[in-house]
Amino acid sequence: MFRLSQYLKELINPTPLKPAPQMPGPVVIWNLIRRCNLTCKHCYSISADTDFKGELSTQAIFKVMDDLKAFGVKVLILSGGEPLLHPDIFEISHRAKAMGFYVGLSSNGTLIDENNIAAIAAVNYDYVGISLDGMQKTHDRFRRCQGAFDKSLQGIRLCREHGIKVGLRFTLTQDNVRDFPLMLQLMSEENIDKFYLSHLNYAGRGNKNRQDDVVHQMTRQAMDFLFETALEMLLKDKPQEFVTGNNDADGVYLLFWAQQRFPDKIEHLRAKLVQWGGNSSGVNIANIDNLGNVHPDTFWWHYSLGNVLKRPFSEIWPDTSDPLMAGLKQRPRPLKGRCGKCHYQDICGGNTRVRAHQLTGDFWAADPGCYLTDEEIFDVERR
Ligand SMILES: C[S@@+](CC[C@H](N)C(=O)[O-])C[C@H]1O[C@@H](n2cnc3c(N)ncnc32)[C@H](O)[C@@H]1O
Ligand code: SF4
């Protein structure tokens, strides 16, 4: 994840470069259930409204939680499918909170209503992320459900009314790029705490429909617009936060943007971005799927590192006998093609290996989602 607002703040009020804090354990995104009331066009988990067999029992989930805690994991993001369809979601969430985890809920928002909002608020989630992939018509088409937009927006409003920190998550594709400015406007009007722009990753239905991915020029325009909007809100002292995901070239593109806007802060920004280091799949991000399989991130469901029912997460995660994990944990990563030759590897970390793998079968090939030009990444003078 790229914390855009944090880096924009560094351009306005630079803070000293301190040694990077060591992450005790990865952020674990946990798909507790694969069932979902929607069948979105891009869904990496290929979820649908059906019962998926062999999912972890609640008792097994508790046992894994104990292992995660002992291993040093601090952050759990409870996801799905639709996690609110899990019969024990509140029991699991309360236990996670009581154990001291930072607990996020990742929901499509359509099932949040007057009947369950008190129970949701009672968990005291640290953050609730709700997906909105466009304005009404676009969102309903994208999420293949009429009325989904209204329900999700209602879910966002209810969360806000109950004092829950809430974020709007938007996955950018050709289907919704036109709505993007309106989404930022909606965020501002509704006083939503956070905006998460997610680039399309090539997994599940998102891989099947990867022809719908935006072309690089569209991504660049969207990012320019996002940077300008986030800066404007920051300068107006608005507390809203902007983050992006699934394209670590965003950090490099911000550096290029700042070269024009804040030329005297470039060295400082560069040092901060290098400290971030870009993609952290397999290092600071982990995924456990509904069956207990462990993956380097949520988009690697076609590649399993082991199953928590057979081997504890705390043993699976550090094991670098797996070639993908060995490469992901290596710095610099064993990148090839234009990623291997890029001058900005130290900022982006080689971006999204899933897209490279889906297109070429090679974990370390160039990421086709990198929207920086050859001139930008090979021209040493720009550094
Ligand atoms: C799988 S969903 C599960 C939680 C919930 N059902 C929802 O839709 O928010 C988690 C997040 O992943 C995003 N997502 C799904 N497939 C994706 C893909 N192929 N590329 C990027 N983001 C994706 C969704 O839009 C959503 O924000
Ligand atoms: S993206 Fe979320 S809401 Fe859409 S089908 Fe997948 S799990 Fe369900």
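Every number in this text was worked out from the coordinates using simple rules, so none of it is lab data. Note that the coordinates shown come from a computational prediction; the quantities given were computed from them, not determined experimentally. Cβ sites come from the backbone with ideal geometry, for glycine too, and all protein chains shown count toward neighbours.
Annotations for the structure displayed:
- With neighbours defined as other Cβ atoms within 10 Å of a residue's Cβ, the residues Val103, Val27 order from fewest to most as Val27, Val103.
- When His295, His357 are sorted by how many other C-beta atoms sit within 10 angstrom of their C-beta, beginning with the fewest, the order is His357, His295.
- Given +1 at the Cβ of Lys and Arg, -1 at the Cβ of Asp and Glu and no other charges, the dipole of segment 4-330 around its Cα centre is 280 debye to the nearest 20.
- One chain, two ends: Ala70 and Glu228. Fully extended at 0.36 nm per residue, the span grows by 52.6 nm beyond their Cα-Cα distance.
- Within a Gaussian network of the chain (alpha carbon springs, distance under 10 Å), most fluctuating of Val215, Val64, Val252: Val215
- Cα pair distances in segment 4-330, grouped into 10 Å bins until the bin that holds the longest one, percent each: 5, 25, 35, 27, 8, 0
- Using only side-chain charges placed at the Cβ, +1 for Lys and Arg and -1 for Asp and Glu, the dipole size of segment 46-181 relative to its Cα centre rounds to 360 debye.
- Distance between the 7 Å Cα→Cβ label points at Ala122 and Val274: 5.2 nm.
- In this structure, the pairs whose alpha-carbon distance is over 27 Å, taken from Lys41/Lys310; Lys18/Lys74; Lys165/Lys236; Lys208/Lys238; Lys97/Lys272; Lys238/Lys272, are Lys41/Lys310; Lys208/Lys238; Lys97/Lys272.
- A Förster radius of 35 Å, combined with the Cβ-Cβ distance separating Ala48 from Met23, puts the computed FRET efficiency at roughly 0.55.
- For the chain, adding -39500 (n - 2.57) for each run of n ≥ 4 DSSP H residues and dividing by the number of residues yields -11000 deg cm²/dmol at 222 nm.
- Spatially proximal aspartates and glutamates relative to Lys9 (Cα-Cα < 14 Å; intrachain offsets below 8 disregarded): Glu228, Glu232, Asp237, Glu241
- Considering only Ser314, Ala122, Pro368, the residue lying farthest towards the positive end of the dipole of the chain is Ser314, judged by Cα position with unit charges set on Cβ.
- Distance cut-off 18 Å, percentage of C-alpha pairs in segment 208-281 lying past it: 50 percent
- Within a Gaussian network of the chain (alpha carbon springs, distance under 10 Å), most fluctuating of Asp175, Asp289, Asp51: Asp51
- Spin-label model distance (nm) - Met99 vs Ser57, 7 Å beyond Cα toward Cβ: 1.7 nm
- The alpha carbon centroids of segment 287-335 and segment 336-368 are separated by 18 Å.
- Remark: the Gln154-Arg311 segment gains 52.4 nm on full extension, using 0.36 nm per residue and subtracting the alpha carbon distance.
- Centroid-to-centroid separation of segment 109-166 and segment 207-262 [C-alpha atoms, Å]: 24 Å
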